[in-house]
Amino acid sequence: MTGNNIILNEPLSRHTSWKVGGLADVFFTPNDRNDLSHFLKSNDGSITWLGNGTNILVRDGGVRDVVISTKKAFKEIELMDKSSCKAEVGVSCFELAMYATKNNLGPAAFFSGIPGSIGGALTMNAGCFGHETWEFVKSVEVIDRNGVIHHLDPKEFSISYRSVSFPFPLWFLSCEMIFPDEGVTTMEELKSLRDSRIERQPLSENTCGSVFKNPEGNHAGDLIERSGLKGFRIGGCSISEKHANFIVNDKGATARDIETLINHIQNTVKDRFGIDLDTEVRIIGEHDE
């Protein structure tokens, strides 16, 4: 580990897809497992784990103690056999979809629709197009608060829609995924899904992906649109005209703007339909003074 791996008072707006967020007291980017393990053993403060920075809202007051970023590390994918591969957490979900296509693994095309990294997908059981991450997970490699690495079976986790409960405090390092022989991922599928998302979602703008979970029997975007909120603005952010479950930072929004808009959406949908919208995005950090 070198001093270049540690930055003090790093603006987290540089590391989130919404381009907002205050300072991290300590921002650490490990080179490898040994680097990470040593760091964890020598630090007893609170730890916040950050991958590609999607699906997260960092408040304007920033994050105290340590933020560990895997964005530049843990980016390897390895073919295990004809139907499985090992992916490290820094790999983007789109990269996994492309790898599956090149190596005749499937069905993995849905990963191209998840904006974040494998680490984030494991943490929240991300999914789209009818599939979820954990339905393909054979085993996971994790590291605990003391820097010790473990290999765990999916049965040791409690997994549900956009939610994963851990057996103990941990962070993911890699996972082995196994895919059925049928339904091989093709380039045509990837192009079709990409074109569908480009048509329906604001992919070229600063968003976090989907903001809210879909309530049972409903779609969050539909409820928001039926509430008359498409295009509604607070400060520098607005609800996307393309897809109402996306909030766009299009005019220099603050995290406070975005969180206020999230709360407004929840209150409006509750008043209109009596339905509570739970956030899919994770909100962390402190409010500014």
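The values are calculated or read from the model by the stated rules, or taken from the named source; none is laboratory data. Fair warning: this is a prediction, and the values are worked out from it, not measured in the lab. Here the Cβ is made from the backbone with ideal geometry for all residues, glycine too, and neighbour counts use every protein chain on show.
For this structure, a couple of remarks:
- Taken over region 77-120, the residue count meeting the criterion of being closer than 20 Å to Leu50 by Cα and either of a type in the set (Val, Ile, Thr) or touching a Gly at 6+ places or on another chain (Cβ under 8 Å) (or both) is 13.
- When Ser174, Ser238 are screened for being touching a Gly at 6+ places or on another chain (Cβ under 8 Å), more than 18 Å from Phe273 (Cβ to Cβ) and assigned to a strand (DSSP E or B), only Ser238 passes.
- Residue, nearest to Ala108 (Cα to Cα), within region 145-199, restricted to residues that are modelled with pLDDT of 90 or more and among the charged types (D, E, K, R): Glu176
- Candidate set: region 255-282, residues that are of a type in the set (Val, Ile, Thr) and touching a helix residue (DSSP H, G or I) at 6+ places or on another chain (Cβ under 9 Å); chosen: the one surrounded by the fewest Cβ atoms within 10 Å (Cβ to Cβ): Ile275
- Test: residue in region 237-251 that is without any contact (Cβ under 8 Å) to a residue 24 or more places away in the chain, under 30 Å from Val66 (Cα atoms), surrounded by fewer than 14 Cβ atoms within 10 Å (Cβ to Cβ) and not small (Gly, Ala, Ser): yes
- Test: residue in region 90-109 that is touching an Asp or Glu at 6+ places or on another chain (Cβ under 7 Å) and among the aliphatic types (A, V, I, L, M): yes
- Condition met for Ala73 (at negative phi, of a type in the set (A, V, I, L, M) and in contact with a His (Cβ under 9 Å, 6 or more places away or on another chain)): no
- Only one of Leu36, Leu57 that is outside any strand (DSSP E or B), at pLDDT 95 or above, under 22 Å from Ile7 (Cβ atoms) and touching a Phe, Trp or Tyr at 6+ places or on another chain (Cβ under 9 Å): Leu36
- Note on region 60-86: residues that are more than 18 Å from Trp171 (Cα to Cα), in a strand (DSSP E or B) and basic (Lys, Arg) total 1.
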